[in-house]
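The values are calculated or read from the model by the stated rules, or taken from the named source; none is laboratory data. Please read these numbers as outputs of a predicted model, since none were measured by experiment. When we count neighbours, we look across all protein chains shown, and the Cβ atoms used for this are built from the backbone with ideal geometry, even at glycine. Please note that ligands, DNA and RNA were not included when accessible areas were found on the heavy atoms of the full protein model with its side chains. Shrake-Rupley method; radii C 1.70, N 1.55, O 1.52, S 1.80 Å.
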Amino acid sequence: MKRFLKILGYFFLTIFVLVLLALLFTQTGWFSSIVKEKVEGIANENLNGNLSIGEIDGSFFSSIEIIDLRIEQNNETVFYTKKIDVNYNLFGLLSSTIDINTAIIDSFYVHLIQINDSTWNINSLIKQTEEDTTSAGVGWDIVINSFEINNSRIEY
């Protein structure tokens, strides 16, 4: 029995150390770089344009900061923001809620161009997909306590 408890103790200690190492890994610049590349890749698969991110920073457990986010289409910048800073609570995910404490968008720029067929350039930015015929899942609530937009402009 003593041997079993010793093995069980080592097992839980190993699990604890692995979880701790995984949590520490998410705080590294290397992990942020992996997330940035993954986000850019997924976005560029779904855009008729190119998304680039200068840097992603934050703890990922409570806040995230995106620096120099740019969306280009036909070699023109459609959207740019110097910084997006979001502070959130992950515990809301347990109850199907996206709980954002603060969201700050600093120095964003949007360039709208009306095309000859009276549509706007942003209308064609997202690739068209086949209509989804699956049933809707559980709805998510999005709660934003504070939202700020600073030093921004829209050109058309």
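Numerical summary
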{"quantity": "Qualifying residue in the stretch 111-119 (condition: touching a strand residue (DSSP E or B) at 6+ places or on another chain (Cβ under 7 Å) and closer than 25 Å to Val35 by Cα)", "calculated": "no"}
{"quantity": "Top-ranked residue in the stretch 137-156 [being open to solvent by less than 100 Å² (accessible area, probe 1.4 Å) and over 19 Å from Leu69 (Cβ atoms); ranked as modelled with the lowest pLDDT]", "calculated": "Gly137"}
{"quantity": "Residue in the stretch 79-93 that is within 26 Å of Asn150 (Cα to Cα), of a type in the set (Val, Ile, Thr) and in contact with a helix residue (DSSP H, G or I) (Cβ under 9 Å, 6 or more places away or on another chain) present", "calculated": "no"}
{"quantity": "First in the stretch 84-95 and in contact (Cβ under 8 Å) with a residue 60 or more places away in the chain, second anywhere and open to solvent by less than 60 Å² (accessible area, probe 1.4 Å), Cβ under 9 Å, 6 or more apart", "calculated": "none"}
{"quantity": "Close pairs from the stretch 35-50: first of a type in the set (Gly, Ala, Ser), partner in a loop (DSSP other than H, G, I, E, B) and open to solvent by 50 Å² or more (accessible area, probe 1.4 Å), Cβ under 8 Å, at least 6 apart", "calculated": "Gly49/Asn74"}
{"quantity": "Residues within the stretch 1-41 that are closer than 30 Å to Phe79 by Cα, open to solvent by 100 Å² or more (accessible area, probe 1.4 Å) and among the aliphatic types (A, V, I, L, M), tallied", "calculated": "0"}
